[in-house]
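Visitor: Mind looking over this structure? Questions follow.
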Amino acid sequence: MKSIYKLLILFILPLLIFVIFISVDYYGSRSIIDLDPLTKCLTEKGAVMYGTSWCSHCQQQKKDFKESFQFIDYHDCDIETDLCKIKEIEVYPTWEIKEIKYPGRLSLQKLAELTGCQLS
């Protein structure tokens, strides 16, 4: 009887916990909200994101949009150094909305509020 409990504790329980974590990570990372309309609206309203490839906050901001990030007007300051100098971008990421700079990672809700876009 003790060997059954050992088997359960040593093998089956950790396997079950692993499967649950993988499932939560996989399904939890999927958005039920379609972000395409928001990202397209942000670009239409002139919102621009400046960042770099090495910036962890920039990478997290990109992940906030999932696949819809492709519609964001994004400028990599490692590549477009002259543009970022002209715009005086010193913090990554920086959002520029209506000629006002907002340094740091912004929530989707905050971006929607600043632009008048709808977050579905």
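Visitor: Could you tell me which of rounded, prolate or oblate describes the range 26-120, using a ≥ b ≥ c as the square roots of the eigenvalues of the alpha-carbon gyration tensor, with rounded for a/c under 1.5 and, failing that, prolate when a/b is larger than b/c and oblate otherwise?
Guide: Taking the square roots of the gyration eigenvalues as a ≥ b ≥ c, the range 26-120 is oblate.
Visitor: Among Asp34, Asp82, Asp76, rank each residue by its count of other Cβ atoms within 10 Å, from fewest to most, as a rough exposure measure.
Guide: Working: Asp34 11, Asp82 8, Asp76 17.
Fewest-to-most ranking of Asp34, Asp82, Asp76: Asp82, Asp34, Asp76.
Visitor: Something else about it: For Val48, Val91, what ranking results if the residue with the fewest other Cβ atoms within 10 Å of its Cβ goes first?
Guide: Details: Val48 18, Val91 13.
Going from least to most buried by this count: Val91, Val48.
Visitor: For Leu119, Leu106, what's the fewest-to-most ordering of other Cβ within 10 Å of each Cβ? If you can, show how the numbers build up before the last one.
Guide: Working: Leu119 15, Leu106 20.
Placing the least packed residue first, the sequence is Leu119, Leu106.
No lab work stands behind these numbers, since they all come straight from the coordinates. Values in this document were obtained by computation on a predicted structure and should not be read as measured data. Methodologically, a virtual Cβ is constructed for each residue, glycine included, from the backbone with ideal geometry; neighbour enumeration extends over all protein chains shown.
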